[in-house]
Amino acid sequence: MVDKYGGTPLLETRSVSKSFGAVQALTRVDFDVFPGEVIALVGDNGAGKSTLIKGIAGIYGFDEGEVMFEGRHVTIHSPREAASLGIEVVYQDLALADNLDVVANMFLGREWNSGIPPTTGADHQIGGFKKYLRNLLPITEIEMEKRAVSTLNELAVTTLRSVRLPVAALSGGQRQSVAIAKAVLWNSKVVILDEPTAALGVAQTRQVLNLVRRLADRNLGVVVISHNLHDIFEVADRICVLRLGHKVKTFKREETDQKEVVHAITAGQLGTVPGMSQ
């Protein structure tokens, strides 16, 4: 069996740091995500988890260090640039519109226009007019519905009665499933999930954890941020611990236990301690 961690990571940060005024949120953090794995990012409040993810997502830039994607250096200036690379983030609030149905939410901001044949050399003079017409044409609802249903079926999301239900009518687990399906709809390669099981019941949590594993089975790199170590040990292949903006250690799940991870979260050794002289 080939070691999945022996190749090139899909996503890698090298010695990234970030400060906000006098607050050092991250200090020289190395982090990597491989295809086909679920890596958990854990730590107490203020450990730097959100700062690391928002830096990767292009919400703000790192002060130093570099980000590698599929083995090449990238500079991500915005969430749109992150998405164009194949990095999608599902935040805890899910960013779904309650008044819209499932299909509309999955394509929100990326709606398809009904197509006009591309401009050829023979009719290049009317190319601008074709482009103008394309912008006026209505979105192709039927094709978007087919694509939404296909994606949900591929992820084995079977609890939705209809993709035309408004999101307001869905349970917490169903909402999370829709948000995840929306993230993978666009040929994403890395999916980052922020507290995907927060406030869910037992059955809904199981549904979401199964979905997370199916993402990895599709050879995506999956990052899960969670405070729930039971869920982490259910689904993760590796567990990366941050503390006070430093990476303490990355564990392989089968080689550790919850007690060791809790100790790393609360008392893990730091290379430097913020506020102390070097």
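The values are calculated or read from the model by the stated rules, or taken from the named source; none is laboratory data. Predicted, not measured: the structure shown is a model, and the values here were computed from it. Note: ideal-geometry Cβ built from the backbone for every residue, glycine included; neighbour counts use all protein chains shown. With ligands, DNA and RNA removed, areas are computed over all heavy atoms of the protein, side chains included. Shrake-Rupley method; radii C 1.70, N 1.55, O 1.52, S 1.80 Å.
Scanning the stretch 44-68 for residues that are surrounded by fewer than 18 Cβ atoms within 10 Å (Cβ to Cβ) and among the hydrophobic types (A, V, I, L, M, F, W, C), we see that the one that is farthest from Phe31 (Cα to Cα) is Ile59. Scanning the stretch 141-171 for residues that are small (Gly, Ala, Ser) and open to solvent by less than 30 Å² (accessible area, probe 1.4 Å) turns up just one, Ala148.
Here is a yes/no grid of residues against (1) part of a helix (DSSP H, G or I); (2) over 21 Å from the mean Cα position of the chain (by Cα):
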site	(1), (2)
Asp231	yes, no
Val248	no, yes
Val262	yes, yes
Leu270	no, yes
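Look at the stretch 164-179: where a residue is within 13 Å of Val212 (Cα to Cα) and a partner is β-branched (Val, Ile, Thr) and exposed (fewer than 15 other Cβ atoms within 10 Å of the Cβ), sitting 6+ places away or on another chain with Cβ atoms under 8 Å, you get Gly173/Thr159; Ser177/Thr159. Selection of the stretch 84-96 for residues being among the hydrophobic types (A, V, I, L, M, F, W, C) and either exposed (fewer than 15 other Cβ atoms within 10 Å of the Cβ) or assigned to a helix (DSSP H, G or I) (or both) yields Leu85, Ala95.
The one condition from (1) buried (at least 19 other Cβ atoms within 10 Å of the Cβ); (2) modelled with pLDDT of 95 or more that Val208 does not meet is (2). A single member of Phe31, Phe20 is over 18 Å from Val90 (Cα atoms) and surrounded by 21 or more Cβ atoms within 10 Å (Cβ to Cβ), and it is Phe31. Which residues, taken from the stretch 42-83, are in a strand (DSSP E or B), aliphatic (A, V, I, L, M) and more than 25 Å from Val248 (Cβ to Cβ)? Answer for the stretch 42-83, where residues must be in a strand (DSSP E or B), aliphatic (A, V, I, L, M) and more than 25 Å from Val248 (Cβ to Cβ): just Val74.
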